[in-house]
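The values are calculated or read from the model by the stated rules, or taken from the named source; none is laboratory data. Only a predicted model underlies this, so the values are computations on that prediction, with no experimental measurement involved. Cβ sites come from the backbone with ideal geometry, for glycine too, and all protein chains shown count toward neighbours. Accessible surface is based on the protein model in full, side chains and every heavy atom, while ligands, DNA and RNA are left aside. Shrake-Rupley method; radii C 1.70, N 1.55, O 1.52, S 1.80 Å.
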Amino acid sequence: GAVVSQHPSWVICKSGTSVKIECRSLDFQATTMFWYRQFPKQSLMLMATSNEGSKATYEQGVEKDKFLINHASLTLSTLTVTSAHPEDSSFYICSAGGLAGGHEQFFGPGTRLTVL
Amino acid sequence: DAKTTQPPSMDCAEGRAANLPCNHSTISGNEYVYWYRQIHSQGPQYIIHGLKNNETNEMASLIITEDRKSSTLILPHATLRDTAVYYCIALKTSYDKVIFGPGTSLSVIP
């Protein structure tokens, strides 16, 4: 199947700093990418839908000014957690859809963010 | 997208078949049934999907009832590496956003 990568796989930062997470579709063009957040022992929670060349659509309760999403190309979407605080510590996962002729979404391996 | 319900947890003996049920009684005619699984601290992994016919691939089989209101994922010979949370989802296309429920936590026991 298609491959989606995330970078970094884990990051530790100080409170108040910003962190950028990259999501790349390695062998297909992803017109739509999705960002999820997962807290321990909980299911994935959709944060936003990212469409190439347009503004992201955020789910209710997700602060768009805090979680900046950019989808500048068909293979790259970025999530920037601005002014991170300890409560933003979580597992962030992206997925990509749009593989020609396919139905399934492909998920990245996730990024573990720890804010001290 | 249709809501799905799954049992919160199941156990299965290693080497035996694991049968994971999913109820999707409100599924619409153009929604596919997808199954993903998530092994601890990894991203979800696609397993299989189907519309109305039963499907089989190298990982699993998917049995969908004739009325499409429920389905069963079958792992024919469960191994310890199959221990994961399994998610059943109804989707129209790969562009649809996926709303994950709590899934079924499958424990494969030696």
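Residues are listed down the side, and each one gets a yes or a no for (1) under 18 Å from residue B:97 (Cβ atoms); (2) surrounded by fewer than 17 Cβ atoms within 10 Å (Cβ to Cβ); (3) touching a residue at least 40 places away in the same chain (Cβ under 8 Å); (4) basic (Lys, Arg):
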site	(1), (2), (3), (4)
A:7	no, yes, yes, no
A:17	no, yes, yes, no
A:44	yes, no, yes, no
A:65	no, yes, no, no
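Residue B:10 - would you say it is more than 10 Å from chain A (Cβ to nearest Cβ), farther than 24 Å from residue A:4 by Cα and of a type in the set (A, V, I, L, M, F, W, C)? Please lay out each step first, then the result.
Values: more than 10 Å from chain A (Cβ to nearest Cβ): yes; farther than 24 Å from residue A:4 by Cα: yes; of a type in the set (A, V, I, L, M, F, W, C): yes.
When the stated conditions are applied, residue B:10 passes them.
Tally time: how many residues in the stretch B:65-81 are more than 11 Å from residue B:35 (Cβ to Cβ), free of Cβ contacts under 8 Å to residues at least 60 places away in the same chain and of a type in the set (Val, Ile, Thr)? Show your work before the answer.
Residues of the stretch B:65-81 that are more than 11 Å from residue B:35 (Cβ to Cβ), as a first pass: B:65-70, B:76-81.
Next, from what is left, pick out any that are free of Cβ contacts under 8 Å to residues at least 60 places away in the same chain: B:65-70, B:76, B:81.
Still in the running and of a type in the set (Val, Ile, Thr): B:65.
The number of residues fulfilling the criteria is 1.
In the stretch B:23-40, which residues are under 17 Å from residue B:92 (Cβ atoms) and among the hydrophobic types (A, V, I, L, M, F, W, C)?
Matches in the stretch B:23-40: B:27, B:33, B:35.
If I ask for residues that are within 12 Å of chain A (Cβ to nearest Cβ), in a loop (DSSP other than H, G, I, E, B) and out of contact with any Pro (no Cβ under 9 Å at 6 or more places or on another chain), which ones from the stretch B:59-110 would you list?
Passing the criteria: B:59, B:92, B:93, B:94, B:95, B:96, B:97, B:99, B:101.
Just one of the numbered conditions (1) more than 15 Å from residue A:111 (Cβ to Cβ); (2) among the polar types (S, T, N, Q); (3) modelled with pLDDT of 95 or more; (4) not in a loop (DSSP other than H, G, I, E, B) is not true of residue A:15; which one?
(4)
Of the conditions (1) closer than 28 Å to residue A:51 by Cβ; (2) open to solvent by less than 10 Å² (accessible area, probe 1.4 Å), residue B:37 fails just one. Which one is it?
Of everything listed in (1) closer than 28 Å to residue A:51 by Cβ; (2) open to solvent by less than 10 Å² (accessible area, probe 1.4 Å), residue B:37 misses just condition (2).
Among the residues of the stretch B:82-100, write down those that are surrounded by fewer than 16 Cβ atoms within 10 Å (Cβ to Cβ) and touching a residue at least 12 places away in the same chain (Cβ under 8 Å).
Listed by number, the list holds a single entry, B:92.
With respect to residue A:60, is the statement that it is touching a residue at least 12 places away in the same chain (Cβ under 8 Å), within 14 Å of chain B (Cβ to nearest Cβ), in a loop (DSSP other than H, G, I, E, B) and open to solvent by 30 Å² or more (accessible area, probe 1.4 Å) true?
Values: touching a residue at least 12 places away in the same chain (Cβ under 8 Å): no; within 14 Å of chain B (Cβ to nearest Cβ): yes; in a loop (DSSP other than H, G, I, E, B): yes; open to solvent by 30 Å² or more (accessible area, probe 1.4 Å): yes.
For residue A:60, the condition - touching a residue at least 12 places away in the same chain (Cβ under 8 Å), within 14 Å of chain B (Cβ to nearest Cβ), in a loop (DSSP other than H, G, I, E, B) and open to solvent by 30 Å² or more (accessible area, probe 1.4 Å) - is not met.
For the stretch A:19-35, state whether one or more residues are part of a loop (DSSP other than H, G, I, E, B), without any contact (Cβ under 8 Å) to a residue 60 or more places away in the chain and within 13 Å of chain B (Cβ to nearest Cβ). Spell out the reasoning first.
Of the stretch A:19-35, the ones part of a loop (DSSP other than H, G, I, E, B) are A:26-31.
Next, from what is left, pick out any that are without any contact (Cβ under 8 Å) to a residue 60 or more places away in the chain: A:26-27.
This time we only want the ones that are within 13 Å of chain B (Cβ to nearest Cβ), so: none.
No: zero hits.
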